[in-house]
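Read the structure below first, then the notes.
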């Protein structure tokens, strides 16, 4: 159900149950759409109308054993790899959609006049536009970080899951605010904001729902029980991207026994509990 490009596809990659329960019993099969017993039904959608969506039906379908993709019962890894790239791509798409919404909202606010002056001259509108830009740019920074982690081979599936939640919620908020700026014009077919607003829900649903993503991210964070391991990874990323911020590593390094390694912070902690204050000397800034 809800198969993207299901009406025009020549081949299907299907996850099938070949073993026991759970992820260890799933395999991937390549199935020809012309195989007897395979049929499809077109589904009409709210948005994403440039791409067809279908319900695929199987009735006594026989698939050759050589159509197995990868090892038997090892298909779940392939599914997750596909999800990782899909979620990163969708997050990038959300940023692009949101920028289009912001651009159209700004242009409309500059042209439309109310109470004798352009909309953009009203403080409430300027605040709304600034907040839209803030949400877009912060999400874009996370997208760029995850893309860099992929290039460096340091990507984590939970990061993509949480990023997609952030990106889709950002798009929903920005599209809504853009529609508020345009007013009635956003509800008339033809504006870019109207077109993009219809894509909000499919981005939140496609590639896995928000609830599943939030659960995946939470579980991954809980598994990172040693704070020093978690922060050392973060600081390594930060130093590679921003080599001039050397002090970042010093400020968030974790000492397993004492909790903090930064001498200045440690001195404050010891002083607050009546212990000896550690000597701290400010190093040269970079």
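For the reader, a short list of remarks on this structure follows.
- Residues 107, 194, arranged from fewest to most other Cβ atoms within 10 angstrom of their Cβ, appear as 107, 194.
- Cα-based Rg of the range 1-99 normalised by 2.2 N^0.38 Å, two decimals: 1.24
- Cβ crowding within 10 Å averaged over residues, with 122-131, 158-167 ranked highest first: 158-167, 122-131
- From most to least packed by mean Cβ count within 10 Å, the peptides 97-105, 30-38 give 97-105, 30-38.
- Packing here is the average count of other Cβ atoms within 10 Å per residue, and on that basis the peptides 169-175, 20-26, highest first, run 169-175, 20-26.
Quick note: the coordinates plus some simple rules give every number you see, no bench work behind them. These figures come from a predicted structure and were not determined experimentally. Positions of Cβ are backbone-derived with ideal geometry, glycine not excepted, and every protein chain shown enters the neighbour counts.
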